[in-house]
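Q: Before anything else, here's the structure in question.
Each reported figure results from applying straightforward, stated rules to the coordinates on display, with no laboratory input. Being a predicted model, the structure only gives us computed values, none of them experimental. For neighbour counting, all protein chains shown are included, and Cβ atoms are generated from backbone atoms with ideal geometry for every residue, glycine included.
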Amino acid sequence: MPPRAGGWSAERQIAFVDCLRRIGVVAAAARSVGMTASAAYQLRKRAGPGSGFARAWDQALDEAQCEAIDAARALGYGPIREPMFRAGRQIGWRERYDNRLLYAALRALDGASRRFERRYHADPAEVLAAVLRNEVTPTRNNIADSPCKP
């Protein structure tokens, strides 16, 4: 988009998308470049759904979600080690499992499926049924531009 006075320059747009790719939160990415989340959504709306900015935004969110799911999966399999203290001295360790990471990963997957439906106009259940009927080769994701790893 062309730059506006005090608004979204090309450098700001690139920095916003880069930060969005790293953290996956629109409000935080907008704050990192000195803008608000509502300004980011307005820019996206002004640019249009097929613009390069909107495509970069979607790709950045997909990548951030895949990274978050991978991190949650890696951390969620093992217990969390916490030190135990008595009278101000460490006496040992306690291991416990934390399901909050699992819930976060499930919420991320739910958001990814809604974006998949919106972007590709397909019901994920229909895609899964087609894979099970062997109508679609289940190599990788069958989406050429998907950042998710197999």
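Q: So between Tyr97 and Ala74, what do we pick up on full extension, going 0.36 nm a residue minus the alpha carbon distance?
A: Full extension from Tyr97 to Ala74 adds 7.0 nm.
Q: How do 48-56, 29-37, 12-20 rank on mean C-beta neighbours within 10 Å, highest first?
A: Ranking the peptides 48-56, 29-37, 12-20 by packing returns 12-20, 29-37, 48-56.
Q: Also: Once a ≥ b ≥ c are taken as the square roots of the eigenvalues of the Cα gyration tensor of the range 1-65, is the result rounded (a/c under 1.5), prolate (a/b larger than b/c) or oblate (a/b not larger than b/c)?
A: Oblate, because a/c is 1.5 or more while a/b does not exceed b/c.
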